[in-house]
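The values are calculated or read from the model by the stated rules, or taken from the named source; none is laboratory data. Just so we're clear, the structure is a prediction, and the values are computed from it rather than from any experiment. Cβ atoms come from the backbone with ideal geometry, glycine included; neighbour counts cover every protein chain shown. Note: areas computed on protein heavy atoms with side chains; ligands, DNA, RNA excluded. Shrake-Rupley method; radii C 1.70, N 1.55, O 1.52, S 1.80 Å.
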Amino acid sequence: MNFIVNGITQAFWMLVHGDRQVLQIVLLSLAVSGMATLLSLFVGIPIGVALGLNRFPGRRFFVTLVNTGMGAPPVVVGLVVTLLVWRNGPLGFLHILYTPAAMILAQFVIAMPLISGFTMAGIQQLDPKLRLQIQALGASRMQMVGMLLLEARLPLLAAIMAGFGAVISEVGASMMVGGNILDKPEL
């Protein structure tokens, strides 16, 4: 028990005194998780909007993929991304294994289904008459989507928080594809 108390005390003092190595780790973690969340927003929100607004053949399959991705264990995601970016993998030519770029990719795969799912749910919970009213007022398709996203801003905020929370708190996938990247802060 003394070991745990000493470790927590030492960690606290390292944070308080601004240990260079601890600050470097924290900044790298924030940069990687922030970039993965940002990329997930650019991909996940359009997917969520498309699934929330449209009915098309195969939609149920894509909704199932999003829902499955929301529950994917981070270590499994890390294994899949590792196999993809391994030297002989399909993305091996990028040479990003054990770099922050690989960590961003793994965290993107974790966050994107969450953001898509929350966006889809947020769009679907809006009153269907709102969409008709916006169209009746002469809005283009893009203007309508923009207004619907504005109305669904709280679920979108929840999507951003869930995506960032999932990637900043996970360790399995990041360690698997990033390894020990001490003194490699480049992105």
> Could you list, in sequence order, the residues of segment 101-126 that are open to solvent by less than 90 Å² (accessible area, probe 1.4 Å) and either without any contact (Cβ under 8 Å) to a residue 40 or more places away in the chain or more than 28 Å from residue 61 (Cβ to Cβ) (or both)?
Replying inline: 101, 102, 103, 126
> Out of (1) under 14 Å from residue 116 (Cβ atoms); (2) more than 22 Å from the chain's Cα centre (by Cα), the odd one out for residue 63 is which?
Replying inline: (2)
>> Given the condition among the β-branched types (Val, Ile, Thr), touching a residue at least 12 places away in the same chain (Cβ under 8 Å) and open to solvent by less than 80 Å² (accessible area, probe 1.4 Å), answer yes or no: does some residue in segment 9-22 qualify?
In response: no
> Taking interchain pairs and intrachain pairs at least six residues apart, which have beta carbon atoms under 9 angstrom, with the first residue in segment 134-155 and in contact (Cβ under 8 Å) with a residue 60 or more places away in the chain and open to solvent by 30 Å² or more (accessible area, probe 1.4 Å) and the second among the hydroxyl-bearing types (Ser, Thr, Tyr) and part of a helix (DSSP H, G or I)?
Replying inline: 149/119
> Do we find a residue being under 13 Å from residue 114 (Cβ atoms), free of Cβ contacts under 8 Å to residues at least 24 places away in the same chain and not hydrophobic (A, V, I, L, M, F, W, C) anywhere in segment 49-59?
Replying inline: no
> Just wondering, is there one or more residues in segment 168-183 that are modelled with pLDDT of 95 or more and under 18 Å from residue 71 (Cβ atoms)?
Replying inline: no
> Filtering segment 117-129 down to residues that are out of contact with any Leu (no Cβ under 7 Å at 6 or more places or on another chain) and in a helix (DSSP H, G or I), which residue is farthest from residue 163 (Cα to Cα)?
Replying inline: 129
> What residue, of 53, 41, 28, 65, is within 19 Å of residue 177 (Cβ to Cβ) and either touching a Lys or Arg at 6+ places or on another chain (Cβ under 8 Å) or surrounded by 14 or more Cβ atoms within 10 Å (Cβ to Cβ) (or both)?
Replying inline: 28
> How many of the residues making up segment 68-100 are open to solvent by less than 40 Å² (accessible area, probe 1.4 Å) and hydroxyl-bearing (Ser, Thr, Tyr)?
Replying inline: 2
